[in-house]
1. Taking R0 as 30 Å, what's the FRET efficiency between Lys174 and Leu76 from their Cβ-Cβ distance, rounded to 0.05?
2. Computed FRET efficiency, Cβ-Cβ of Asp6 and Arg117, R0 45 Å: what is it to the nearest 0.05?
3. Any idea how far apart Asn101 and Ala56 come out in nm if each label point goes 7 Å out from Cα toward Cβ?
4. Pick the calculated semi-axes √(5λ) of the Cα gyration tensor in Å for this structure from (i) 24, 22, 18; (ii) 40, 19, 14; (iii) 43, 20, 17?
Amino acid sequence: MRYVEDHRRQTHDRIVENASYGLRQKGAEGLSVVDLMKLAGLTHGGFYNHFESRAALVREAIAFAMDQTTGRWKKLANGKADGERFEALVADYLSPRHRDNPKHGCALPTLAVDVARSSPSEQQALASKLEKMIDALVELLPGEPPRQARQIATGAIATMVGSIVLSRAVGAGKLSDRILDAGRRTAGGRTRKPQRRTTKATRCEES
């Protein structure tokens, strides 16, 4: 009995993981139940032994993908100084590698628009995981007041996701690279304090 239950759980998890990769490549509306099961090397006949509906699988797959991104962020931050962690994460997210590999990347650039047209339950699932992603970024801003840190983190995610969407939409090339660069400067620059401009006059005043 224990073996059967463990095997069922492993199969369930495999379906969710492989569905998350497929959804990140083709979107939530681009795959049927047959397609989603095929990604895990299974036939669709056993689908309802694991999920009550296609929407239930999509919710779990989105949650898996977003948890995976949050986990990657935390690993990336380890070993870096406080002042370097946020910008290192932004640079990693807005990289050609991430742009060119949606299957193993963040789910938001591919799935956010699809979920906006889907059921409230799918929207709620995405919103819950998005808050966790924002929390992960807030942890990288220990020098900021809590409200300011949350504003910075929310704005950075919005900029990062939008930059990946546009950089993919225009195809590989110079414009795509410029979009990534602009996104890095904008999202990463949110943590920088305005620097006082040094002029000859101010140097004289300070001396």
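Every read-out reported here was derived from the displayed coordinates using simple, explicitly stated rules and does not represent laboratory data. The model shown is predicted, which means the values in this text are computed figures rather than measured ones. Cβ placement follows ideal geometry from the backbone for every residue including glycine, while neighbour counts extend to all protein chains displayed.
1. Using R0 = 30 Å, I get an efficiency of 0.65.
2. Calculated value: 0.75.
3. 3.3
4. Read-out taken from this structure: (ii).
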